[in-house]
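Take a look at the structure set out below.
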Amino acid sequence: MSGGREIDRIGINGLVPIDIRSPGFFWLVQPWKDGRLATIDGWGRFAEISFTGANRMAIRHLINFPRVGLDRNLLTWPGIGLIASTSGKVHHLAAIDDNKTKSHVPLLSWVHHEMDPRLFDSQEGLVCYPYIWNLNRNDVDVQLFVYSYREDRMVYESPERGFNVLPIFAMDNQNVLSYERSSRENRFIRKCIIYNWRTKENIANDFTNAIERYDISLISRHLFNMHLGKRFLFGYNNSSRQICKVTWDENYSDVTVTPLSYLLPSEGMRFSDFVISSDGVWASTFVTGYRGLRNERLSKRAFFHLNGRYPNGISMPVITEDYETRQWDYSAFVNHPVHGLCFAQEWHKGRRQYLRLYKMSDVLAEINRRLLEAANSVIR
């Protein structure tokens, strides 16, 4: 994450970031357990960040693994203590709670693209590795591998050719929100389905039909864009080229698709992937479309409160002052022992590394201030 100038006063958005000087090197942050963050330390090991007091942090490795130069990729499943990353074509998996590790190459191929693993079954410890091969602009070939880290064996391997389902997000221990490759008018299209990977059945319902009807591309990054408990997701509308919020009820019906362009500060800007808090109450994303002095593309971070008191269940954005160079976003919400729920991201000032925190209590105060200001203006 690129750094910015140090803020020593309250800006127009009411946010003052808390920059905690790091006692050592860390790389990327993701959600972890009990008020801690997962990261990678200077020895290429899976590690955690913990907090002491208001502005001190500690870095401790969780396991002496994998101890290699890792790609810019870190995935966590805090509820079961699972961490994953890659180095080239090698997948590294560490089940911290089970004290199990695995480095392997499910498919050695120079034509397939290795996608992020998906957790298929947390109880059985089943992880799916999807591989895709772009056959042409509109079509891909898919190959799946399902690995049991508890038994250290591959329990399923799809056919080398002709497998038509690309898993996006596991809804439970057998159903996966997926894309199906199907043919229509002599061309291949991506059709949204819920795929039962155990029975090999495809399920279509009001929810999947709405995703297809409104031409929503599912942004398939782990821990981004979807909250199953609150039944909402953020997806990309291919027609408007804008992010939409999609909601549904417990039966995958009563589906609502809401474009979020009305929340952007000006035309020509876009939202990117949404990082969502574990309780589904807060979200953060980049607002893209800013330009620097040399016409470079810049972004600013925005925060949202997700609550029924706002239209469409999402507040106006509270946008930070500092510019950032947008990249794959490895940041996370964390419960800090002093500051409460915060958003944490890696930050640099010169050669010094920090963990930057934004307090959600500050964000909520700014939202309430704006709502009160708007209400007073109506009364006047």
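Coordinate-derived values only; no laboratory data. As the structure is a computational prediction, the values presented were derived from the model and not from experiment. We place every Cβ from the backbone using ideal geometry, glycine too, and count neighbours over all the protein chains shown.
Assorted remarks:
- Extension reserve of the I80-R352 stretch, reckoned as 0.36 nm per residue once the Cα distance is removed: 94.6 nm
- Residues V246, V257, V275, sorted so that the one with the fewest Cβ neighbours within 10 Å comes first: V257, V246, V275
- Packing, as the average of other Cβ atoms within 10 Å across residues, places the peptides 63-70, 77-84, 108-115 in the order 77-84, 63-70, 108-115, highest first.
- Intensity falloff of segment 64-177 expressed as log10 I(q)/I(0), Debye formula with alpha-carbon point scatterers, at q = 0.20, 0.22 Å⁻¹: -1.15, -1.36
- Estimated from the Cβ-Cβ distance and a Förster radius of 30 angstrom, the FRET efficiency linking W43 and R150 is about 0.65.
- Dipole moment magnitude, nearest 20 debye, the chain about Cα centre, only Lys, Arg, Asp, Glu C-beta charged: 1040 debye
- N99/E267 FRET efficiency (R0 45 Å; Cβ-Cβ; nearest 0.05): 0.25
- Only DSSP H runs of four or more residues enter the estimate; each adds -39500 (n - 2.57), and after division by the residues of the chain the mean residue ellipticity at 222 nm equals -2500 deg cm²/dmol.
- Order of Y310, Y147 under a 10 Å beta carbon neighbour criterion, fewest first: Y310, Y147
- Entries in K300/K359; K33/K300; K200/K230; K33/K89 that, when Cα-Cα distance is taken, lie over 23 Å: K33/K300; K200/K230; K33/K89
- The chain - Rg and Dmax from Cα coordinates, angstrom: 21.4, 69
- Inter-probe distance in nm under a simple model that places probes 7 Å from Cα toward Cβ, at L228 and N307: 2.7 nm
- Segment 239-328 pair-distance distribution - Cα-Cα, 10 Å bins, rounded %: 15, 46, 29, 9, 1, 0
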